[in-house]
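Worksheet for the structure shown next.
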Amino acid sequence: MMRRIFLMTLMLLFSCIMYAQVTIIPKPVHCKENVGFFEINTQTRIIVPDKSQLSNGNYLVRLLKLNNGVEVSRKSALNSVFFTYNRKLPKEGYRLTVEKNNIKIQASGGAGFFYAIQSLRQMLPVTLKQGSKSSDYKIPCLELDDNPRFSWRGMHLDFSRHFFSLSEVKDFLDHMALYKMNKFHMHLTDDQGWRVEIKKYPELTANGAFRKPSRHDVECNKRAKHDKLLEIDSQKFIDKNGEQFYGGFFTQEDIKEIITWASERYIEVIPEVDVPGHFRAAMDQYPNLTCFGKSGQGISNANRSIPACLGNENAYRFIKDVLFEIGDLFPSRYIHIGGDEVLTENWEKCPKCQKVIEDKGLNNEHELQSYFNQRIEKDLKKRGKKVIGWDEIVLGGISKGATMMWWRNWHPEAVKKALKNGNEMIFTPLNPYYFDYVNGADGMEKVYNYSSKIIPEYFSDEQAKLVKGIQGCLWSEYLPNVKRMQYMAFPRLLALAETAWSPLNIQNINDFKSRLQSHYARFDALGINYALKKIEGIQQNMVFADSMLVTLKTKEEGAKIYYSLNGLDPLIVDSCQYSVPIKIGDNVTLKAVAVKNGKKDKVYRASILKQEIQEAISSEAIAFKGLNYWSFNTPLVPDDYWLTSPENISKIIVPEPTDGNDHSLMYKGYIQVDKDGLYTITTGLRGESYVTVDDCLIVKNTLTDGVNKGQVVLRAGIHKIDMCFEHVKSGSKLKVTFEGEDKKKLSINDLIY
Ligand code: ACM
Ligand code: ZN
């Protein structure tokens, strides 16, 4: 008897293990799991309704890697996967019924069948090899009904700042398809490189696709010393007369291959040629198309390049030629013309541009760009194309037919303007959808939780239809190789995919995170590099007075932290596993790494130094009270800022820039702390910034490193403080906090002397 109970318990346990939990991402609209399994074996046939579904059938066969046995057929077998049309199902939707003897997939068209296959794919083991046993091919019985929330579920990839190869793109498309994403936005041109062959203008790629190291390359190399993921892919260099050039481009044949590969995965490829700014890779080849015959970087803003002259008909002809060739190459009805961050300083001085402004009765340079956009839009419309542009395109007015891609969270009025004008919109707000930006401890949660904000509250149900969907962006300034690109994209991409597909009322972050756990093994099997949540408690520079305890933690489920104090990468052995706060009494380099399921995340590094207490300043030595404050309508503080007189303030002021562009702020003065001890200073503002205390650099932020912290040991009393913020965006809130050893956070405003 005991033996029977034992056996039954064992069988029950076994069946529980075999009763796989369905962890599909994006979460299907409706899913009812039943008892039992369908087992795919070499007798299984895939029955498609007509020739048009052969490609889906063959795709499934390839996925199963059982191509000696499973085949697509029109003849039914006992044990089959049936594709049948159900024209009542929504576009891209599908119904999947798994029973013990067969699988039925219903859809109104190819996309639905394809997405059903992706759901099946996620229920199969992560590694299917040629010759896997049929017992590996068990799919739980279920009834699943599914269709997407948005028709635009996009990912963007910048090929200009750093380039990605054809095979890297194919892999990425395959990963997008697994999560039912359907738009691939290729940012093919920018200041740092032209990445697509244009037959009419071969110089664009012959010269424009290759460059000497950019400032981003220099920065990547610098950071690569401590973070291998920032190494520039050596395959992307060529030798020109003994000199190394970075670059690469897609031939038109490559592009066709990408489009075919994407369309087999029901992904539409949208090309972007960014005009008339972000256009240096072209203007360097054709400087006569700029206002003063000279390309290069701007004067008021060195981050922006000199645009095409909008008073020069040859520039219009050139841009039209390029866009027409692109339009013919890409079957998408959309063509993205960029339009972001255009430097208008040359247009303001150029007689030809000014003449257009006068002749056409335009009010300013924004309207000049609108005039250009509308001309281009009209020309493209005649060729059956619909224009997309970044949200700047609505500023000076745009026709109703254009689609706005909203990226500047801090310009909500662009959405209002587009709404009033009736433009379709795609939302890709920088925060949190720019995946090249720092992930942080809650990057993925931020993406997921943004979902409820996608449709602004003031939109009616009818107006909500103008929102076609959402998109993640991968700008590649600091993505110098495909592994880092994946690291920044995953797992955030899954949060985006789920919120783009699943209806809002079934979205749940905790449920998502629990399903996500089974996907890490799939990432590993597919060779996808991904980020674990950051380790908290470690920062680049840390200081202490007598001794300190370093507490490390991570919110990554199931991850362990390993550390070292000898400057070497931590060994993944028990003796190096973090368990209790680390006592530090000497100068050391602390390195820490999170490990989950055997996957090592990046190594975090801190230089920890004993610091002498910074003595206070006598109140007699102080020239003024409060802060002296400067504000500039340029993104960088001018070198000769001290020639302008500051305003004296007692609380931080953050003005709005007059022209809506990035601006810069500087504050210099005194603070007073009431206790001796260690202070951690945090600045909460995106952009470049630094804070010095008593002339020592404590905090330094760069655009992509996000919020940084620094520490200093201070004597109670008065100390000198300098704070500088560059690339401040309109609408920014500036927060500087001091945290003492008692962990109490004080605003800088509470400390100003
Ligand atoms: C953009 O990020 N400049 C569209
Ligand atoms: Zn001009």
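The values are calculated or read from the model by the stated rules, or taken from the named source; none is laboratory data. Bear in mind that the values here come from a model prediction, so they are computed numbers and not experimental data. Cβ sites come from the backbone with ideal geometry, for glycine too, and all protein chains shown count toward neighbours.
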Considering residues of segment 250-272 that are under 20 Å from the mean Cα position of the chain (by Cα) and among the acidic types (D, E) only, the residue farthest from Y59 (Cα to Cα): E272
Residue list for segment 179-221, restricted to those being assigned to a helix (DSSP H, G or I) and under 18 Å from the mean Cα position of the chain (by Cα): H216, C220
From S119, S160, residue being in a loop (DSSP other than H, G, I, E, B), among the polar types (S, T, N, Q), buried (at least 18 other Cβ atoms within 10 Å of the Cβ) and within 32 Å of the chain's Cα centre (by Cα): S160
Count - residues of segment 414-428 that are within 13 Å of ligand 1 (Cβ to nearest atom) and among the β-branched types (V, I, T): 2
Yes/no for E498 being of a type outside the set (V, I, T) and surrounded by fewer than 22 Cβ atoms within 10 Å (Cβ to Cβ): no
Residues located in segment 458-489, provided they are crowded, with 22+ Cβ neighbours inside 10 Å, more than 16 Å from ligand 1 (Cβ to nearest atom) and assigned to a loop (DSSP other than H, G, I, E, B): P480, N481
Hits in segment 327-344 - residues which are of a type in the set (D, E) and either within 16 Å of ligand 2 (Cβ to nearest atom) or over 18 Å from D190 (Cα atoms) (or both): D328
Matching residues, segment 265-314, being more than 12 Å from ligand 2 (Cβ to nearest atom), in contact with a helix residue (DSSP H, G or I) (Cβ under 6 Å, 6 or more places away or on another chain) and of a type in the set (D, E, K, R): R265
Residue match in segment 105-116 (condition: in a helix (DSSP H, G or I), aliphatic (A, V, I, L, M), modelled with pLDDT of 95 or more and under 32 Å from the mean Cα position of the chain (by Cα)): yes
Number of the exception - F324 against (1) away from ligand 2 (no atom under 16 Å from the Cβ); (2) within 26 Å of V467 (Cα to Cα); (3) not β-branched (V, I, T): (2)
Flag if V218 is within 19 Å of D158 (Cβ to Cβ), surrounded by fewer than 18 Cβ atoms within 10 Å (Cβ to Cβ) and not aromatic (F, W, Y): yes
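So that you can scan it fast, the table gives a plain yes or no per residue for (1) in a loop (DSSP other than H, G, I, E, B); (2) in contact (Cβ under 8 Å) with a residue 12 or more places away in the chain; (3) hydroxyl-bearing (S, T, Y); (4) surrounded by 15 or more Cβ atoms within 10 Å (Cβ to Cβ):
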site	(1), (2), (3), (4)
V543	no, yes, no, yes
Y563	no, yes, yes, yes
P570	yes, yes, no, yes
L590	no, yes, no, yes
V603	no, yes, no, yes
Pairs where the first residue, in segment 391-407, is within 16 Å of N363 (Cα to Cα) and away from ligand 1 (no atom under 14 Å from the Cβ) and the second is in a loop (DSSP other than H, G, I, E, B) and not aromatic (F, W, Y), C-beta under 7 Å, 6+ apart: I398/N423
Residue check for K417: within 21 Å of I509 (Cα to Cα) and basic (K, R): no
Tally, over segment 514-532, of residues that are out of contact with any helix residue (DSSP H, G or I) (no Cβ under 8 Å at 6 or more places or on another chain) and either in a helix (DSSP H, G or I) or surrounded by 21 or more Cβ atoms within 10 Å (Cβ to Cβ) (or both): 8
Check on N431, surrounded by fewer than 23 Cβ atoms within 10 Å (Cβ to Cβ), within 14 Å of ligand 1 (Cβ to nearest atom) and not in a loop (DSSP other than H, G, I, E, B): yes
Among residues of segment 434-457, those that are in a loop (DSSP other than H, G, I, E, B), away from ligand 1 (no atom under 16 Å from the Cβ) and of a type in the set (A, V, I, L, M), counted: 3
Residues being in contact with a Gly (Cβ under 8 Å, 6 or more places away or on another chain) and without any contact (Cβ under 8 Å) to a residue 40 or more places away in the chain - total across segment 630-668: 2
Among residues of segment 615-625, those that are crowded, with 16+ Cβ neighbours inside 10 Å and under 21 Å from V654 (Cα atoms), counted: 0
